[in-house]
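Sharing a structure with you now.
The values are calculated or read from the model by the stated rules, or taken from the named source; none is laboratory data. These numbers were taken from a predicted model, which means no experiment stands behind them. No Cβ is skipped: glycine too gets one built from the backbone with ideal geometry, and neighbour counts run over all protein chains shown. Heavy atoms of the whole protein, side chains included, go into the accessibility calculation; ligands, DNA and RNA do not. Shrake-Rupley method; radii C 1.70, N 1.55, O 1.52, S 1.80 Å.
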Amino acid sequence: MENIYLPKTAKIIGIKDEGLDLKTFTFSFINSEVKEAFSYKPGQFLELSIFGVGEVPISLSSSQIEKGSFQLTIYAIGEVTRSLHKMKVGDVVGIRGPFGNGFPFDEAKGKDILFVGGGIGMAPLRPLIKDMIDNRSDFGHIIILHGARTPRYIIFRDELKEWGKVEGVEVHMTVNRVDGEKWDGEIGLITRLFDKIEINPRNSVAFVCGPLFMIHIVVEDYLLKMGFQEEAIISTLERHMKCGVGHCGHCNVGPKYICIDGPVFTYREMKILPKEF
Amino acid sequence: MMDNSLLTMNKEYIIPLLRRIHKNQEIIAPVKEKEDVLFSVIKSMDEITLDYKNAVLSPKGFFFPQQEVIFKYKEVSGDYELSFTITDKKRLIFGIRSCDLKALSFLDAVYLGRYKDPYYQKKREDTTLINLVCVSPDTNCFCVYANSGPMAEEGFDLQFVPLSNRFTIHVGSKKGQDIVEKYHYLFQEGTQKDLDEEYEVVHETKTKFLRYGEFATITQKLIQEEVEESLWKMLGDRCQNCGGCAYVCPTCSCFNVIDRPTTEREGVRIRTWDSCTLFGFTHLAEGLNPRKEKKDRIKRRFYHKLDCYMGRWGTCGCVGCGRCVTACLGGIDMSHVIHQIRMEEYGEYISAKDSEDYRYKG
């Protein structure tokens, strides 16, 4: 019987600074069979263990390119994530998963795509963006909006630049404020960027990730008013999923368990959840 | 001779039956400890009591212990070794009530759904369940409303119904059938007369309930959001934040996961019972908490038991065992909340015990 609670060990093989308290870690499983068998979809999450500290759910921020290695982009904000930020290449963590449903990919083919990523909300979107750019001809126009607190919090900076150079892909960025950094771009909330884009909501899918208040404003004040269908607005929800498999109850909201029913939901599904979302 | 056929057994044969079974496997049965009756692993037959309404705690902990080691970890030459134990022990629970039996089916729905919980699964598979139908319910019980008793419809291996001098016995599974075949000399074929007496006994039991628990209409009211916020506010104010309701609840299945280092290089990961009424339950990094207020946690608890269960598993998440009625200092138990919603007295505490309306009227 497979024990779903038993993590597989993985080594940190790379650490990239993404901004203040923000790092992308690349991991590789130690066991070669585990490495071989590991596969996942954009939008799924892993349970990351630091033995002796605890376990937290984290969205995969890489798309599956190399077998057995994967990336997590993590903000040092709780006990486990702060411990991880102190770790170095070669250190060992535990991994369970992948869990959750993942983003719809085939369903979005043939459509224009709008990505709205606020802060670390870009992390789960990144693998989807990469996969769509790798399959460029399957999708229409792609627009990527990213909002960060200040310029130093802009995440995946180099990649955003690269993506913007791909034909048919637009990237727009804004920062809430400038903290003495050099910045000649937009200043203001992510919703400012809606003035700069043109999109036909009838044949588009919007992927919105970020803080909850941002999701609400973007969806209710912009996307729905622009004419997006509720099921064409897709987002991810967060809770401290302690088990990842629908057992521990911590991520239950209304009739849904975010770990097994989500974390990806359409706005149609989200809007019937209790007001806490 | 599966579930359709009825068997009987002389009441005096029950201990001889259990004694024979006890030679080969562990038996968990109701044991009197001072004023309380608790399910315990018995050493000898004379510990067993048949004189009880229900045990203080359901046998939930024998499947989902209050604290359980998930695994041990140990750092060994640049990697971690993880080890875990899944107990391999055949055992029999005698005397579980139908309400607690039904509660196990809810735990099954959670732990043996799409993902199987290996610790729970093994204990569940290794356990034979004999329920003893309750004929004298406690004042706080309301299983009749939760469709979980006094008789069980399913989930038992053998079901015993106490009549005047004998039990009627229903076989619910292969495990139960095996017991009957092995100790066939203790059982008799049942007759129509036995069935008639059983019907009378069970029917009479149904009239003895004092609590009210009309689930269907209450659940509808919750779904339609016809319950005012003032009710949750009032209940939240009365909540003592003790988590007791969840600990005594046979259907509560939530747990917390904690790492406990013993040295710098090794330790254990454990899980412990958790309660959604506690502040820490939805506490997130950065100090975020979507259910900061007691009223939000209480509201969510009842929505979960009633609305979520109904939507997900087509049943209410309460079996009417009445333990939360006994345990809650603030009077925020299922029976009371249902009563309050039914009376549409949302902002004021109604003493359920004094209310005539609370009584079962047959």
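Please identify the pairs in which a residue from the stretch B:90-105 that is more than 14 Å from B:Glu153 (Cα to Cα) has its Cβ atom under 7 Å from the Cβ atom of a residue that is of a type in the set (D, E, K, R), counting only partners at least 6 apart or on another chain.
B:Lys90/B:Asp126; B:Arg91/B:Glu26; B:Arg91/B:Asp126
Quick check on my filter: what residues within the stretch A:237-277 are of a type in the set (Val, Ile, Thr) and more than 23 Å from A:Gly94 (Cβ to Cβ)?
Residues satisfying the conditions are A:Val253, A:Val264, A:Thr266, A:Ile272.
Identify, please: which residue in the stretch A:240-256 is within 7 Å of chain B (Cβ to nearest Cβ) and under 15 Å from B:Arg291 (Cα atoms) and is, among those, surrounded by the fewest Cβ atoms within 10 Å (Cβ to Cβ)?
Among them, the one singled out is A:Gly254.
If you check B:Arg271 against the conditions, is it touching a residue at least 12 places away in the same chain (Cβ under 8 Å), among the charged types (D, E, K, R) and either away from chain A (no Cβ under 13 Å) or assigned to a loop (DSSP other than H, G, I, E, B) (or both)?
No; evaluated as a whole, the condition is false for this residue.
Any residue at all in the stretch B:37-50 that's aromatic (Phe, Trp, Tyr), in contact (Cβ under 8 Å) with a residue 24 or more places away in the chain and within 30 Å of A:Gly97 (Cβ to Cβ)? Walk me through it before giving the result.
Our first condition is that a residue be aromatic (Phe, Trp, Tyr); within the stretch B:37-50, this holds for B:39.
From what is left, the residues that are in contact (Cβ under 8 Å) with a residue 24 or more places away in the chain are B:39.
Checking which are within 30 Å of A:Gly97 (Cβ to Cβ) leaves us with none.
No, the conditions are met nowhere in the stretch B:37-50.
Out of everything in the stretch B:13-48 that is β-branched (Val, Ile, Thr) and open to solvent by 20 Å² or more (accessible area, probe 1.4 Å), what residue ends up being farthest from the chain's Cα centre (by Cα)?
First, the residues of the stretch B:13-48 that are β-branched (Val, Ile, Thr): B:14-15, B:21, B:27-28, B:31, B:37, B:41-42, B:48.
With the extra rule that they be open to solvent by 20 Å² or more (accessible area, probe 1.4 Å), the set shrinks to B:15, B:41, B:48.
Details: B:Ile15: 25, B:Val41: 18, B:Ile48: 20 Å.
So the residue we want is B:Ile15.
Sticking with this structure for a sec: Looking at A:Lys88, A:Lys130, which one is touching a residue at least 60 places away in the same chain (Cβ under 8 Å), basic (Lys, Arg) and under 23 Å from A:Val34 (Cβ atoms)?
Answer to the selection: A:Lys88.
A further question on this structure: Can you work out which of the residues in the stretch B:76-85 that are at the interface with chain A (Cβ under 8 Å from one of its Cβ atoms) and outside any strand (DSSP E or B) is surrounded by the most Cβ atoms within 10 Å (Cβ to Cβ)?
First pass over the stretch B:76-85, keeping only residues at the interface with chain A (Cβ under 8 Å from one of its Cβ atoms): B:78-80, B:82, B:84.
Adding the requirement that they be outside any strand (DSSP E or B) leaves B:78, B:84.
Details: B:Gly78: 11, B:Phe84: 15.
Among those residues, the one meeting the criterion is B:Phe84.
Within the stretch B:302-332, can you find the residues that are within 13 Å of another protein chain (Cβ to nearest Cβ), open to solvent by 20 Å² or more (accessible area, probe 1.4 Å) and not hydroxyl-bearing (Ser, Thr, Tyr)? Steps first, answer last, please.
Quick first cut of the stretch B:302-332, residues within 13 Å of another protein chain (Cβ to nearest Cβ) only: B:302-314, B:317.
Still in the list and also open to solvent by 20 Å² or more (accessible area, probe 1.4 Å): B:303-304, B:307, B:310-314.
Within the stretch B:302-332, B:His304, B:Asp307, B:Met310, B:Gly311, B:Arg312, B:Trp313, B:Gly314 qualify.
Within the group B:Ile179, B:Ile223, B:Ile218, B:Ile169, which residue is open to solvent by less than 80 Å² (accessible area, probe 1.4 Å), in contact with a strand residue (DSSP E or B) (Cβ under 6 Å, 6 or more places away or on another chain), aliphatic (A, V, I, L, M) and in contact (Cβ under 8 Å) with a residue 60 or more places away in the chain?
On the way: B:Ile179 fails: in contact with a strand residue (DSSP E or B) (Cβ under 6 Å, 6 or more places away or on another chain); B:Ile223 fails: in contact with a strand residue (DSSP E or B) (Cβ under 6 Å, 6 or more places away or on another chain); B:Ile218 fails: in contact with a strand residue (DSSP E or B) (Cβ under 6 Å, 6 or more places away or on another chain).
B:Ile169 is the lone residue from the list that is open to solvent by less than 80 Å² (accessible area, probe 1.4 Å), in contact with a strand residue (DSSP E or B) (Cβ under 6 Å, 6 or more places away or on another chain), aliphatic (A, V, I, L, M) and in contact (Cβ under 8 Å) with a residue 60 or more places away in the chain.
Another one. Does the stretch B:237-260 contain any residue that is within 14 Å of chain A (Cβ to nearest Cβ), open to solvent by less than 60 Å² (accessible area, probe 1.4 Å) and at positive phi?
Yes, some residue in the stretch B:237-260 is within 14 Å of chain A (Cβ to nearest Cβ), open to solvent by less than 60 Å² (accessible area, probe 1.4 Å) and at positive phi.
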